[in-house]
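Chemist: Take this structure, written in structure tokens, and hold onto it; I'll ask about it next.
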Amino acid sequence: MSEGASRFRTYLLITVVYLFWGSNFVISKFALNEMPSALAAGMRALLAGALLYAVYRVMQGEGRPPLRRDEIPRLALLGVFGISVNQVCFLAGLSITSASHAAIVIGMTPFMVLFLAWLRGQEVFTWKRVAGLCVAVVGVLILQKPSPSAQSASLIGDLLILGAGASFSYYTVYGKELAAEHGAMAVLSVSFLAGGVLLLPVTLYFAKGFDFGAVSTRAWLSFGYMTVVSSVLCSIGWAIALKRVTASRISAFSYLQPLVATLMAIPMLGEPITATLVGGGGLIMAGVYLSERA
């Protein structure tokens, strides 16, 4: 396969992954309407971890030697910050803010990836990129302006989503380094399992007394989508792409998430397009774009 064809397939894979992740902002809402976000986060991380570990074993470690015991804590720490924190912040934030707001705020992830990569000596950081961040922050502040037609958006929810983006940025940058040593599937499976185990006490607490039988079929399908499609299949696709291109270049595709989420939220959730959404979202995208191009 030629280098150009290989690059095209890689970028196509990244595009598909972010399109599915964008739709996850809307589809997850149906599950979160019927079950606590902490319960959903814990079950999602544990089930995704088990499925990813099964894939890892089938692939026989991608031809790499088995993980040593002394390497597990390093991968587990990645799971604690990159999976546990991400899952809790994302689902808790999404449960109290609008899907379109959440997708736009998560659009700041490329800058956070860039910043961490700069700290690790992987990227160059300039004042132009700082200016881009300032523009994006102004956009986030504009999003918080009350609008009479706005629905279910909140500052706390947006900040939680921002925290989810920060944890995923950590996972992206450090995960690439660890994947180079141990393989992408090792990083994914162990980190997801570690994140799920950490959340297990919270999961059991919320599961106790929860009426699972009252959850509708639509909500279970929603949970299945955000676990199997978003967490497992998309993570595998993301990991494959991460081996071929830089972390900041991959994260730049997160621009697709606000577009997909907003377009889906209008008919499926009845979320309106407001002036603050367009203005604030536009500034965030412009700020991140400036940072990426500087």
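Chemist: Where the second residue is modelled with pLDDT under 90 and not in a helix (DSSP H, G or I) and the first is of a type in the set (Val, Ile, Thr) and lies in the range 81-96, which pairs have Cβ atoms under 6 Å and are six or more apart or on separate chains?
Modeler: Ile96/Ser154
Chemist: Still on this structure: Modelled with pLDDT under 80, closer than 24 Å to Gly195 by Cα and over 18 Å from the mean Cα position of the chain (by Cα): is that true of Gln151 in this structure?
Modeler: no
Chemist: Only one of these conditions is not met by Trp238: (1) more than 20 Å from the chain's Cα centre (by Cα); (2) under 30 Å from Ala131 (Cβ atoms); (3) at pLDDT 80 or above. Which number is it?
Modeler: Unmet condition: (1).
Chemist: Sticking with this one: When you scan the range 107-126, how many residues do you find that are open to solvent by 20 Å² or more (accessible area, probe 1.4 Å), in contact (Cβ under 8 Å) with a residue 24 or more places away in the chain and of a type in the set (A, V, I, L, M)?
Modeler: Qualifying residue count for the region: 2.
Chemist: If you check Phe206, Phe212, Phe223, which single one turns out to be touching a residue at least 24 places away in the same chain (Cβ under 8 Å), more than 21 Å from the chain's Cα centre (by Cα) and more than 22 Å from Ile250 (Cβ to Cβ)?
Modeler: The unique qualifying residue is Phe206.
Chemist: Output the residues belonging to the range 255-265 that are modelled with pLDDT under 70 and under 13 Å from the mean Cα position of the chain (by Cα).
Modeler: Listed by number, the residues that qualify are Tyr255, Leu256.
Chemist: Which numbered condition trips up Ala261, out of (1) in a helix (DSSP H, G or I); (2) hydrophobic (A, V, I, L, M, F, W, C); (3) open to solvent by 60 Å² or more (accessible area, probe 1.4 Å)?
Modeler: So the condition that Ala261 fails would be (3).
Chemist: If you go through the range 158-174 one residue at a time, do you hit one that is closer than 24 Å to Ala275 by Cα, at pLDDT below 75 and open to solvent by less than 20 Å² (accessible area, probe 1.4 Å)?
Modeler: no
So that you can scan it fast, the table gives a plain yes or no per residue for (1) surrounded by 23 or more Cβ atoms within 10 Å (Cβ to Cβ); (2) more than 11 Å from Leu75 (Cβ to Cβ); (3) modelled with pLDDT of 85 or more:
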| residue | (1), (2), (3) |
| --- | --- |
| Met185 | yes, yes, no |
| Leu188 | yes, no, no |
| Leu198 | no, yes, yes |
| Thr217 | no, yes, yes |
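Chemist: Looking at the range 8-53 only, could you name the residues that are free of Cβ contacts under 8 Å to residues at least 60 places away in the same chain and farther than 15 Å from Trp238 by Cβ?
Modeler: Phe8, Ser37
Chemist: Still on this structure: Filter the range 127-145 down to the residues that are open to solvent by 50 Å² or more (accessible area, probe 1.4 Å) and among the β-branched types (Val, Ile, Thr), then identify the one that is modelled with the highest pLDDT.
Modeler: Once the filter is applied, the top-ranked residue is Val138.
The values are calculated or read from the model by the stated rules, or taken from the named source; none is laboratory data. Because the structure is predicted, anything quoted here is derived from the model rather than measured. Quick reminder, even Gly has a Cβ in these numbers, built from the backbone with ideal geometry, and neighbours come from all protein chains shown. Only protein heavy atoms, including side chains, enter the accessible area calculation; ligands, DNA and RNA are left aside. Shrake-Rupley method; radii C 1.70, N 1.55, O 1.52, S 1.80 Å.
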